[in-house]
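To keep things clear, I will list the structure first and then write my remarks on it.
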Amino acid sequence: MASPITPPRGMRDFLPAEKARREHALGVIRRSFAAHGFDEIETPVVEDVARLHSGLGGDNEKLAFSVLKRGLGGDDLREAIESGDTLALCDLGLRFDLTVPLARFYASHRAELPPVFRSIQIAPVWRAERPQKGRYRQFVQCDIDIIGEGSQLAEVELITATAAALEALGLTGCTIRINDRRILNGLLEYCGFAEARWPQVLISIDKLDKIGAEGVVAELSEGGADSAAVLGGILAALEPHLADGGVELTVEAISGILPQGMDSDAIADLEALAHALDSLPEGVALRFDPTLVRGMGYYTGTIFEIAHPGSGSSVGGGGRYDGMIGRFLGTDVPAAGFSIGFERVVDLIEVPDDSGADSVVLVHDADVPLDRLMAIKSQLVASGRRVRLDRRAKNLKAVLDRAAAAGYRSFAFVGAGTADAAALEIKPLA
């Protein structure tokens with residue numbers, strides 16, 4: 001029986017045309033982030049397994065791929081089974097996001113970095129997801145983070161740079177939904193939920209768009225029907241305001257849809273944030289959404305998420321996570337980040353069809369001397385063209401169709417009598 005020849009589930013091969021499309025989009029994002037003063041770094045694809053399972057990654061820790069220690073024997077396996085601690089068999093794991101590695105990176109290199117460090121990370125991450133449309137086990141994240149800036153300047157810079165990247169990609173119609181963990185915590189306290197239950201309650205609220213207010217109440221009623229009912233009433237009242245992604249980021253609008261007594265400082269901070277962001281591109285709108293949760297447990301303040309009508313899921317998100325780096329350093333360092341969900345964004349954009357403008361396929365006869373063929377190719381490459389060689393075949397149309405599908409725009413025949421590149425008749429691939 002033949003072995004399977006498809007990639008592992010949830011992972012993909014990319015043919016040249018699709019790879020070129022992805023690299024174009026990544027280049028646009030890189031250049032846009034760099035223009036806003038961010039510097040690119042790189043971290044290993046693996047981290048210590050204890051670090052990946054230290055409580056910083058929320059539910060994603062359950063999806064981490066772990067790497068077995070070398071030299072394990074039967075006794076090690078039996079001991080792990082008896083103790084129920086299978087992670088004891090592992091010492092490394094594939095990163096499930098880029099934020100935990102960044103926190104470790106900063107703790108390792110703090111003395112070499114500026115007081116306020118603005119980083120770019122664009123790299124693959126891995127999660128043991130159940131593969132489905134738009135959700136993969138290996139995917140690329142495009143992160144920018146600011147470490148060391150405790151004021152709202154960090155959020156303003158992150159949102160501005162991300163909006164600029166979306167504009168550069170040609171992605172319009174985006175809504176950046178914004179909330180604050182202080183407001184969320186205030187809502188839960190108002191409803192009467194015990195603080196120990198807050199993580200579970202937030203997970204249920206995060207499903208509001210899928211299961212509705214009644215579904216959230218049903219999930220939470222077993223742990224306290226009264227609190228769940230109060231929350232359900234609030235969510236039901238909020239649902240009409242969420243149809244357009246939320247409400248304006250003003251104290252009046254925010255206070256008008258929340259119970260009295262919510263954190264006034266957090267509400268004022270959101271309005272101040274909106275004032276600082278009043279020059280965003282036309283294709284990006286800001287809205288306040290009090291049901292926005294962001295599943296990662298490390299967020300401490302402002303949180304934000306990008307919605308687009310062409311995607312059933314968010315196409316980016318982030319927030320402030322002031323407590324994470326202190327877990328490594330023993331000293332709290334303010335931090336905030338924003339990540340573009342590349343796999344979803346790349347499916348929404350139109351890539352300019354000009355990548356092959358200076359490309360040519362040389363269709364050569366079998367009797368062309370190799371030295372002359374390579375000399376002609378070298379002359380064209382030196383002039384700035386992208387050049388591919390294809391041997392002339394009986395089915396010439398198939399050769400030219402294949403070249404066009406690969407993004408080439410023109411071709412030329414090279415025969416035994418072709419002296420140099422100047423003698424070529426370059427024709428368009430129509």
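Can you name every residue in the stretch 143-168 that is outside any helix (DSSP H, G or I) and touching a residue at least 60 places away in the same chain (Cβ under 8 Å)?
Within the stretch 143-168, Asp143, Ile144, Asp145, Ile146, Ile147, Gly148, Glu149, Gly150, Gln152 meet the criteria.
Kindly list the number of the only condition in (1) polar (S, T, N, Q); (2) open to solvent by less than 50 Å² (accessible area, probe 1.4 Å); (3) in contact with a helix residue (DSSP H, G or I) (Cβ under 8 Å, 6 or more places away or on another chain) that fails for Asn60.
Going through (1) polar (S, T, N, Q); (2) open to solvent by less than 50 Å² (accessible area, probe 1.4 Å); (3) in contact with a helix residue (DSSP H, G or I) (Cβ under 8 Å, 6 or more places away or on another chain) one by one, Asn60 breaks only (3).
Going through the stretch 183-235 one residue at a time, which ones are within 29 Å of Glu271 (Cα to Cα) and charged (D, E, K, R)?
Glu189, Glu195, Asp206, Lys207, Asp209, Lys210
Could you say which residue among Gly233, Gly261, Gly246 is touching a strand residue (DSSP E or B) at 6+ places or on another chain (Cβ under 6 Å), within 20 Å of Ile205 (Cβ to Cβ) and at pLDDT below 90?
On the way: Gly233 fails: touching a strand residue (DSSP E or B) at 6+ places or on another chain (Cβ under 6 Å); Gly261 fails: touching a strand residue (DSSP E or B) at 6+ places or on another chain (Cβ under 6 Å).
Of the residues listed, the single one that is touching a strand residue (DSSP E or B) at 6+ places or on another chain (Cβ under 6 Å), within 20 Å of Ile205 (Cβ to Cβ) and at pLDDT below 90 is Gly246.
Taking the condition of being assigned to a loop (DSSP other than H, G, I, E, B) and either crowded, with 17+ Cβ neighbours inside 10 Å or charged (D, E, K, R) (or both), how many residues in the stretch 388-400 meet it?
Residues flagged as assigned to a loop (DSSP other than H, G, I, E, B) and either crowded, with 17+ Cβ neighbours inside 10 Å or charged (D, E, K, R) (or both) within the stretch 388-400 amount to 2.
For the stretch 244-257, name all the residues that are open to solvent by less than 20 Å² (accessible area, probe 1.4 Å) and out of contact with any His (no Cβ under 9 Å at 6 or more places or on another chain).
Within the stretch 244-257, Gly245, Gly246, Ile254 qualify.
Answer yes or no as to whether Leu166 is touching a Leu at 6+ places or on another chain (Cβ under 8 Å) and among the aliphatic types (A, V, I, L, M). Write out each step before concluding.
Details: touching a Leu at 6+ places or on another chain (Cβ under 8 Å): no; among the aliphatic types (A, V, I, L, M): yes.
Judged against the criteria, Leu166 is not a match.
Only one of Ala276, Ala272 is under 25 Å from Leu188 (Cα atoms) and in contact (Cβ under 8 Å) with a residue 12 or more places away in the chain. Can you tell me which?
Going through Ala276, Ala272 in turn, the sole match is Ala272.
From the list Gly37, Gly71, Gly55, pick out the single residue that is in contact with a strand residue (DSSP E or B) (Cβ under 7 Å, 6 or more places away or on another chain) and open to solvent by less than 90 Å² (accessible area, probe 1.4 Å).
It is Gly37.
Of all residues in the stretch 193-218, how many are assigned to a helix (DSSP H, G or I) and either surrounded by 17 or more Cβ atoms within 10 Å (Cβ to Cβ) or under 27 Å from the mean Cα position of the chain (by Cα) (or both)?
16
Check whether at least one residue in the stretch 64-74 is at pLDDT 85 or above, closer than 17 Å to Gln121 by Cβ and basic (Lys, Arg), and report yes or no.
No, that holds for no residue.
The conditions are (1) assigned to a helix (DSSP H, G or I); (2) modelled with pLDDT of 85 or more, and His241 fails exactly one of them. Which is it?
Among (1) assigned to a helix (DSSP H, G or I); (2) modelled with pLDDT of 85 or more, His241 violates only (2).
In this structure, is Ser227 out of contact with any Pro (no Cβ under 8 Å at 6 or more places or on another chain), polar (S, T, N, Q) and over 27 Å from Tyr321 (Cα atoms)?
yes
From the list Gln132, Gln152, Gln121, which one is over 30 Å from Thr331 (Cα atoms) and polar (S, T, N, Q)?
Result of the check over Gln132, Gln152, Gln121: Gln132.
Identify, from the list Ala228, Ala218, the residue that is touching a Leu at 6+ places or on another chain (Cβ under 6 Å) and over 29 Å from Ala164 (Cβ atoms). It would help to see each step written out before you state the result.
Numbers: Ala218 fails: touching a Leu at 6+ places or on another chain (Cβ under 6 Å).
Result: Ala228 is the single residue among Ala228, Ala218 that is touching a Leu at 6+ places or on another chain (Cβ under 6 Å) and over 29 Å from Ala164 (Cβ atoms).
Sort out which residues of the stretch 401-413 are within 17 Å of Leu424 (Cα to Cα) and open to solvent by 30 Å² or more (accessible area, probe 1.4 Å), and write them in order of number.
Hits for the stretch 401-413 are Arg409, Phe413.
If you take the residues in the stretch 137-192 that are closer than 26 Å to Val125 by Cβ and among the polar types (S, T, N, Q), which one is surrounded by the most Cβ atoms within 10 Å (Cβ to Cβ)?
Thr162
Considering only the stretch 39-54, I want to know if a residue exists there that is touching a Cys at 6+ places or on another chain (Cβ under 6 Å) and touching a residue at least 24 places away in the same chain (Cβ under 8 Å).
Yes, the stretch 39-54 contains at least one residue that is touching a Cys at 6+ places or on another chain (Cβ under 6 Å) and touching a residue at least 24 places away in the same chain (Cβ under 8 Å).
Just give me the residues in the stretch 229-243 being surrounded by 17 or more Cβ atoms within 10 Å (Cβ to Cβ), more than 22 Å from Leu286 (Cβ to Cβ) and without any contact (Cβ under 8 Å) to a residue 24 or more places away in the chain, in sequence order.
Passing the criteria: only Gly232.
The values are calculated or read from the model by the stated rules, or taken from the named source; none is laboratory data. A quick note: this is a predicted structure, and the numbers were derived from the prediction, not measured. Reconstructed Cβ throughout: ideal geometry from the backbone, glycine too, with neighbour counts over all protein chains shown. Calculation scope for accessible area: heavy atoms of the full protein, side chains included, ligands and nucleic acids excluded. Shrake-Rupley method; radii C 1.70, N 1.55, O 1.52, S 1.80 Å.
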